[in-house]
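**Q** I'd like to ask some things about the structure below.
The values are calculated or read from the model by the stated rules, or taken from the named source; none is laboratory data. Values in this document were obtained by computation on a predicted structure and should not be read as measured data. Reconstructed Cβ throughout: ideal geometry from the backbone, glycine too, with neighbour counts over all protein chains shown. Please note that ligands, DNA and RNA were not included when accessible areas were found on the heavy atoms of the full protein model with its side chains. Shrake-Rupley method; radii C 1.70, N 1.55, O 1.52, S 1.80 Å.
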Amino acid sequence: MKITVVGTGYVGLVTGTCFAETGLTVTCIDIDKEKIARLQKGIIPIYEPRLDELVHQNMAKGRLFFSTSLADHLDCDAVFIAVGTPPGEDGSADVSHVLKVASETGKYMTHPLLVVVKSTVPVGTTMKVKQVIREELDRRKVNIRFYIGSNPEFLKEGSAVDDFMKPDRIIVGVEEEEATRIFEKLYKPFLLNGHPFLVMDIASCEMTKYAANAMLASRISFMNEIANLCDRVGADISQVRKGIGSDPRIGPRFIYAGPGYGGSCFPKDVKALIRLAEEVDYSMEILKAVDRVNEKQKKLLLEKIQFHFGHQLKGKRFAVWGLSYKPHTDDMREAPSIVIVNGLIEAGARVCAYDPAAMEEAKKVLDKKVEYGKDPYDVLNDADALVLITEWPEFRLPDVEKMKKLMKGKVIFDGRNIFEPAEIRNAGFVYYCIGRESVK
Ligand code: NAD
């Protein structure tokens, strides 16, 4: 079988590569000429564990190709649309890229195929894709049969390849049995683990993706609020987390307090769902609060820093560990570090940051005055304080004595609660964290 994936970003590149790994012939398309030229030379545009190796292997085996022309690659069994759906000015999802791909597909399609919307899109978009393709075919006065399908992606950046290869579930939205058959065939190699293949109507499928992200974002904002309350009443969020996480109705995942959620999905998908509801005169009260709590939480570390230094940050030097919105990715979209680092610079402070993967991406969004170091200790030289924003594994067990020697001030702001308060304080540091201020 042969497929074409349109949009070669985090989702498209992983999708195309993992399908190629099962033996399919895959062409990944993008409008970004430079990205495609680099991929054709084997240069991977994103940091994602194992992706590099799989792209190279599949290119070498003649199964994975890259191109800027969708028109030349519609001789396939299925087209997966995986382009971005960024937030518009009012927070709604901008589906113009998705519809543009639909229009091009209709213009150049020559034989029956399955058109799959993999991008995260508001309910109704997949049917608009169908309508746009139909209109283009009518304009050409040709009647080519095609099937439409929704197939939202649930991979997590940082473990995207593993998630795609061993999914918890595959969800597809279809109108016709023929579409289900094609999906079944394509996904069979990924479901040998027996995990569910769920077939539903297209609207429910589109909604499932938003509901999943909104639920996860809600858990994070909920725990951040509980953590902030813990700080005020002398409780410890880490213990509370274990206490509630051991209840199987709650579970231990996605209940960590921190500096707020970021990334390319949660912030925009929560906002898009709020907007989608408004379009049908419904107000999503919980999600509005989730979004507000998150915006506030992103500023929390900055407030703790301001409090410690009596709002006198001018000339102070801060070391920052971790910039990406979470570990194991270089994605800086909506990362809490943007608010914190740019806030420090705005207050007149100097910042020297280190991240194992995201420094090149960070340079595109952080204030130009930010300096970057070559390792975690390099940035500590002469620092008045350390601010830990992303919990990369290499920050977990630092050499505290070395830190003390390098740093001018002995203050740590731990945005992820990764250090042991007693250990850090016994070593002579003033230690701030989230929801554990009372922990000695
Ligand atoms: P991305 O920004 O990394 O990649 C999108 C790519 O699409 C870009 O390379 C862009 O140049 C390309 N593109 C835009 N218009 C195009 C066109 N007309 N023709 C060809 N290429 C075009 O985005 P992403 O993070 O991969 O997300 C893609 C979609 O998947 C979004 O809807 C997102 O919400 C969803 N999603 C993302 C993740 C994630 O973790 N990143 C997870 C699940 C779902």
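**Q** Pairs, please: C-beta under 9 Å, at least 6 apart or cross-chain, first residue in contact (Cβ under 8 Å) with a residue 24 or more places away in the chain and farther than 21 Å from W321 by Cα and in the range 289-308, second surrounded by fewer than 22 Cβ atoms within 10 Å (Cβ to Cβ) and among the aromatic types (F, W, Y)?
**A** Note: pairs meeting the criteria are V290/F222; V293/F222.
**Q** Quick check on the range 49-59. Is at least one of its residues within 14 Å of the ligand (Cβ to nearest atom), buried (at least 16 other Cβ atoms within 10 Å of the Cβ) and modelled with pLDDT of 95 or more?
**A** Within the range 49-59, the first condition is being within 14 Å of the ligand (Cβ to nearest atom), and the residues that meet it are 49, 51.
Now restrict to residues that are buried (at least 16 other Cβ atoms within 10 Å of the Cβ): 51.
This time we only want the ones that are modelled with pLDDT of 95 or more, so: 51.
Checked against the condition, which is being within 14 Å of the ligand (Cβ to nearest atom), buried (at least 16 other Cβ atoms within 10 Å of the Cβ) and modelled with pLDDT of 95 or more, the range 49-59 yields at least one hit.
**Q** Name, by its number, the condition in (1) under 23 Å from V129 (Cβ atoms); (2) near the ligand (Cβ under 10 Å from one of its atoms); (3) open to solvent by 20 Å² or more (accessible area, probe 1.4 Å) that does not hold for P45.
**A** (1)
**Q** Read through the list (1) away from the ligand (no atom under 15 Å from the Cβ); (2) at negative phi, then give the number of the only condition that G62 fails.
**A** (2)
**Q** Hey, does the range 92-107 have a residue that's within 17 Å of T8 (Cβ to Cβ), open to solvent by 10 Å² or more (accessible area, probe 1.4 Å) and more than 15 Å from the ligand (Cβ to nearest atom)?
**A** There is no residue in the range 92-107 that is within 17 Å of T8 (Cβ to Cβ), open to solvent by 10 Å² or more (accessible area, probe 1.4 Å) and more than 15 Å from the ligand (Cβ to nearest atom).
**Q** Right, another one. Only one of these is more than 15 Å from the ligand (Cβ to nearest atom), free of Cβ contacts under 8 Å to residues at least 40 places away in the same chain and not assigned by TED's automatic domain parsing to the domain that holds P327: Y256, Y282. Name it.
**A** Matching residue, one of Y256, Y282: Y282.
**Q** Right, next: Is there a residue in the range 266-273 that is surrounded by fewer than 17 Cβ atoms within 10 Å (Cβ to Cβ) and of a type in the set (V, I, T)?
**A** Filtering the range 266-273 down to residues surrounded by fewer than 17 Cβ atoms within 10 Å (Cβ to Cβ) leaves none.
There is no residue in the range 266-273 that is surrounded by fewer than 17 Cβ atoms within 10 Å (Cβ to Cβ) and of a type in the set (V, I, T).
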